[in-house]
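Worksheet for the structure shown next.
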Amino acid sequence: MRILVVSQYFWPEEFRVNEVVEDLVKRGFDVDVLTGKPNYPKGKIFSGYSAFTKETETYQGATVYRVPLIPRGNGGGINLILNYISYAFVACVLGPFICKKAYDLIFVVQLSPVTVALPAILLKKLFGIPMILWVLDLWPESISAAGGAKIPLVNNLIGGLVKWIYANSDQILISSEGFKHSLRLRGVADQCISYFPNWSEESGQGKTPSLDNQGLLTQDVPDGFIIMFAGNIGVAQDFETIIKAMVNIRSEKEIHWVILGDGRRFTWLQDQVRRNKLAHCVHLLGRFPAQAMPAFYKKADVLLVSLRREPVFEYTVPGKIQSYMAGGKPIIASLDGEGARLIERAGAGITCNAQDAHALTESVLTMYRYSEADRNRMGAQGYEYFIKHFERNSLMSDLEEKFNNQIVA
């Protein structure tokens with residue numbers, strides 16, 4: 001079976017689409033990838049790539065076609081818009097000329113932006129190829145929640161585009177059961193929607209560091225009770241609430257907050273740590289490769305996930321929840337909706353309402369006062385739930401079945 005994967009992001013950028021392609025090749029699929037030049041998260045084209053020419057390379061047995069795009073820069077404002085539009089436009093122009101094989105299926109991995117589907121729909125219509133869309137981010141809701149597209153006219157235009165993209169998809173996979181409500185509102189029939197969740201992002205992003213290297217990687221993690229956050233540091237992650245909780249607990253000398261990652265608000269977070277005199281208990285260690293995360297999780301007592309209070313986030317399950325569960329450590333979740341319900345069903349930790357600093361403070365202190373045996377039990381329950389529902393090989397078998405069914409249909 002010949003599959004074309006369309007994704008604006010791809011290796012050496014660290015996204016789950018890399019693992020999808022790798023596993024499909026291992027299962028005997030002939031896979032091509034239509035993607036852009038790697039520039040996430042730093043906003044600059046990676047070394048070894050040219051910004052303005054199309055390139056072809058191979059990754060784990062797949063052929064990768066890269067088209068030019070405008071890099072995202074600092075990830076804000078006009079730079080991000082140009083990044084999104086440039087990939088969609090250039091992929092539409094060049095895609096029909098470079099993706100000329102007789103594909104059985106097009107698989108679109110839709111993070112942000114939703115415009116990644118436009119070149120795929122063009123190829124679908126030109127060559128009569130069925131298309132499956134994997135929705136990992138709801139548009140326009142998610143960009144509004146992250147501080148963009150506040151103008152009603154812009155929201156309506158994007159909403160119309162999203163409805164058209166959904167209507168031109170043969171099947172839509174959703175990473176959260178909560179997304180189904182939004183798709184129904186845009187006219188998608190239930191029989192066209194299937195649940196296909198994330199797995200642990202660390203399960204396939206290269207080799208796990210050796211024991212010696214693990215020690216070097218994690219040497220800046222302090223002793224004490226470690227609350228660890230790993231991932232993007234942006235508007236959506238609601239660090240305002242986390243900072244308030246840090247201030248509330250800063251007199252507890254044993255409790256330390258370790259933040260792994262970077263993002264648009266990293267500089268702001270550094271400033272807040274200074275302003276609130278939190279340097280003794282807050283440790284901003286920066287970004288590390290995904291394969292290093294298990295080594296860091298081993299050093300944590302509890303893992304933290306947070307989202308702002310926004311309607312779209314009630315439907316969202318942050319991908320880090322699966323990664324945290326795979327790490328076998330208890331979770332504190334400062335969020336609403338589907339993500340909180342998942343942690344509660346698994347018995348994997350403590351949840352509290354989004355943007356409630358007092359509740360987050362109490363959740364941290366409660367977890368701190370629990371016995372190590374109680375925390376270990378929560379971590380074990382989360383891991384067991386992960387193995388049952390989010391194990392990568394099982395999910396890939398499910399995806400293969402969905403591909404086969406769509407082609408037969």
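Mind checking which strands (runs of 3 or more DSSP E) fall wholly inside the stretch 291-397 and carry at least 3 residues that are within 22 Å of Leu136 (Cβ to Cβ) and either touching a residue at least 24 places away in the same chain (Cβ under 8 Å) or among the aromatic types (Phe, Trp, Tyr) (or both)?
Correct list: 302-306, 331-334.
For the stretch 358-374, enumerate the residues that are surrounded by 13 or more Cβ atoms within 10 Å (Cβ to Cβ) and small (Gly, Ala, Ser).
Ala359, Ser363
Select, from Leu136, Leu82, the only residue that is in contact with a Ser or Thr (Cβ under 6 Å, 6 or more places away or on another chain), on the phi < 0 side of the Ramachandran plot and not polar (S, T, N, Q).
None of the others qualify; the one that does is Leu136.
Working only within the stretch 93-103, note down all residues that are within 24 Å of Phe15 (Cα to Cα), touching a residue at least 60 places away in the same chain (Cβ under 8 Å) and not aromatic (Phe, Trp, Tyr).
Gly95, Ile98, Cys99 - these are the residues of the stretch 93-103 that are within 24 Å of Phe15 (Cα to Cα), touching a residue at least 60 places away in the same chain (Cβ under 8 Å) and not aromatic (Phe, Trp, Tyr).
Do we have any residue at all in the stretch 111-126 that's part of a loop (DSSP other than H, G, I, E, B) and farther than 18 Å from Pro318 by Cα?
No, the stretch 111-126 has no match at all.
Do we find that Glu254 is buried (at least 18 other Cβ atoms within 10 Å of the Cβ) and either over 18 Å from the mean Cα position of the chain (by Cα) or among the charged types (D, E, K, R) (or both) in this structure?
For Glu254, the condition - buried (at least 18 other Cβ atoms within 10 Å of the Cβ) and either over 18 Å from the mean Cα position of the chain (by Cα) or among the charged types (D, E, K, R) (or both) - is not met.
Can you tell me which residue is surrounded by the fewest Cβ atoms within 10 Å (Cβ to Cβ) among those in the stretch 241-251 that are of a type outside the set (Lys, Arg) and touching a residue at least 40 places away in the same chain (Cβ under 8 Å)?
Among them, the one singled out is Asn248.
List pairs: first in the stretch 27-38 and among the aromatic types (Phe, Trp, Tyr), second assigned to a strand (DSSP E or B), Cβ under 8 Å, 6+ apart or cross-chain?
The qualifying pairs are Phe29/Arg2; Phe29/Ile3.
Pick from Ala380, Ala348: which is among the aliphatic types (A, V, I, L, M), surrounded by 18 or more Cβ atoms within 10 Å (Cβ to Cβ) and at pLDDT 95 or above?
The match here is Ala348.
Would you be able to say whether some residue in the stretch 278-298 is touching a strand residue (DSSP E or B) at 6+ places or on another chain (Cβ under 9 Å), in the same structural domain as Gln219 (by TED's automatic domain parsing) and at positive phi?
yes
Given the criteria farther than 22 Å from Val135 by Cα, touching a residue at least 40 places away in the same chain (Cβ under 8 Å) and surrounded by 21 or more Cβ atoms within 10 Å (Cβ to Cβ), does Ala62 qualify?
Spelling it out, Ala62 is indeed farther than 22 Å from Val135 by Cα, touching a residue at least 40 places away in the same chain (Cβ under 8 Å) and surrounded by 21 or more Cβ atoms within 10 Å (Cβ to Cβ).
In this structure, is Tyr103 at pLDDT 95 or above and either assigned by TED's automatic domain parsing to the domain that holds Met131 or not in a strand (DSSP E or B) (or both)?
When the stated conditions are applied, Tyr103 passes them.
From the residues in the stretch 319-335 that are of a type outside the set (Gly, Ala, Ser) and touching a Ser or Thr at 6+ places or on another chain (Cβ under 9 Å), which one is surrounded by the fewest Cβ atoms within 10 Å (Cβ to Cβ)?
Ile332
Return the residue satisfying two criteria in turn: it lies in the stretch 336-345 and is buried (at least 22 other Cβ atoms within 10 Å of the Cβ) and of a type outside the set (Gly, Ala, Ser), and of such residues it is nearest to Thr316 (Cα to Cα).
My answer is Asp336.
The values are calculated or read from the model by the stated rules, or taken from the named source; none is laboratory data. Note that the structure is a prediction, hence the values are computed from the model and not measured. Backbone-built Cβ (ideal geometry, glycine too); neighbour counts: all protein chains shown.
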